[in-house]
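For reference, the structure discussed in these notes is given below.
The values are calculated or read from the model by the stated rules, or taken from the named source; none is laboratory data. Since the model is a prediction, treat every value here as computed from it, not as a measurement. Cβ coordinates were reconstructed from backbone atoms using ideal geometry, including for glycine residues, and neighbour counts include every protein chain displayed. Note: areas computed on protein heavy atoms with side chains; ligands, DNA, RNA excluded. Shrake-Rupley method; radii C 1.70, N 1.55, O 1.52, S 1.80 Å.
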Amino acid sequence: MCEFCLTFLKRKEQLQRHLRKCELRHPPGDEIYRNNSVSMFEVDGRKEKVYCQNLCYIAKLFLDHKTLYYDVDPFLFYVLCEVDAAGGHKMAGYFSKEKVSAEANNVACILVLPHHQRKGYGKLLIDVAYQITIREGAVGSPEKPLSDLGQLSFRSYWTEVLLRTLQAHRGNLSIKELSAVTAIKMEDIISTLQAINCIRFWKGQHVISVAPKIVDDHLAKHYARASLRCEPARLKWQPPDES
Ligand code: ZN
């Protein structure tokens, strides 16, 4: 497999011939994020069909219940790369997203390659997905069902983001306001805060009920080291012009 264009070939000699000719050094799309040696590209499934299909084949190797889509046209692919000393951008993971989602899903499929796991890339991919949703002025949620690992990653991301937001506002935010600030869907906020006992059902409604001290303690205990985040100033992305 060519690590730049993701073409796969049957024989080693074929690959060697390909590598001498292949000039691609980064995913075939727009670079939307760069922070030191970490870079992210937006690739359109309609414009780069073969690349995106190959990406799906790779994902299928690692995600048990992934449905293999040959029709990649309706999706955008956000490809995370590590940039090497020679300027080559090597794919470390990605997430895909439907261009138009009836269920307001902001992530369809998400993968970090096994040898790039435990570097915080999963959280970074999730954060980029939510930062994009914030710029769209929308709220989003990952496509269901989530894998066990996916469930853990999203739950951990939501908990950290929600608690940090509550901490910054001294807990004085409604669920609706939290959703507007973070682009996290209200259902996901409720289930996340319920799991850590920060929500009450009062007069027929879910309300946040947590003392600032509890928020501080939970963050200190579980999120002492801030996870890798998408720095909004480095994200070069604007919603497509409707016209
Ligand atoms: Zn190639």
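Here are a few things to note about the model shown:
- Residue match in segment 9-26 (condition: within 20 Å of the chain's Cα centre (by Cα) and either open to solvent by 30 Å² or more (accessible area, probe 1.4 Å) or more than 29 Å from residue 229 (Cβ to Cβ) (or both)): yes
- Residue 4 being open to solvent by 90 Å² or more (accessible area, probe 1.4 Å), part of a loop (DSSP other than H, G, I, E, B) and within 16 Å of the ligand (Cβ to nearest atom): no
- Put simply, of 239, 232 the only residue that is touching an Asp or Glu at 6+ places or on another chain (Cβ under 6 Å) and either over 21 Å from residue 129 (Cα atoms) or open to solvent by 30 Å² or more (accessible area, probe 1.4 Å) (or both) is 239.
- When residues in segment 164-174 are screened for being closer than 19 Å to residue 133 by Cβ, in a helix (DSSP H, G or I) and open to solvent by less than 70 Å² (accessible area, probe 1.4 Å), 1 of them pass.
- Condition check for residue 104: away from the ligand (no atom under 14 Å from the Cβ), under 16 Å from the mean Cα position of the chain (by Cα) and at positive phi: yes
- The residue that is nearest to residue 129 (Cα to Cα), among those in segment 175-202 that are assigned to a loop (DSSP other than H, G, I, E, B) and modelled with pLDDT of 95 or more, is 183.
- Scan of segment 203-243 for residues that are assigned to a strand (DSSP E or B) and in contact with a helix residue (DSSP H, G or I) (Cβ under 6 Å, 6 or more places away or on another chain), ordered by number: 206, 235
- Filter pass, residue 79 being within 16 Å of the ligand (Cβ to nearest atom) and within 22 Å of residue 141 (Cα to Cα): yes
- Cβ-Cβ distances below 7 Å connect the following pairs, each with a first residue in segment 16-40 that is within 16 Å of the ligand (Cβ to nearest atom), a second residue that is of a type in the set (Gly, Ala, Ser), and a separation of six or more residues or different chains: 25/87; 25/88.
- Matching residues, segment 37-81, being of a type in the set (D, E, K, R) and either crowded, with 20+ Cβ neighbours inside 10 Å or in contact with a helix residue (DSSP H, G or I) (Cβ under 6 Å, 6 or more places away or on another chain) (or both): 66
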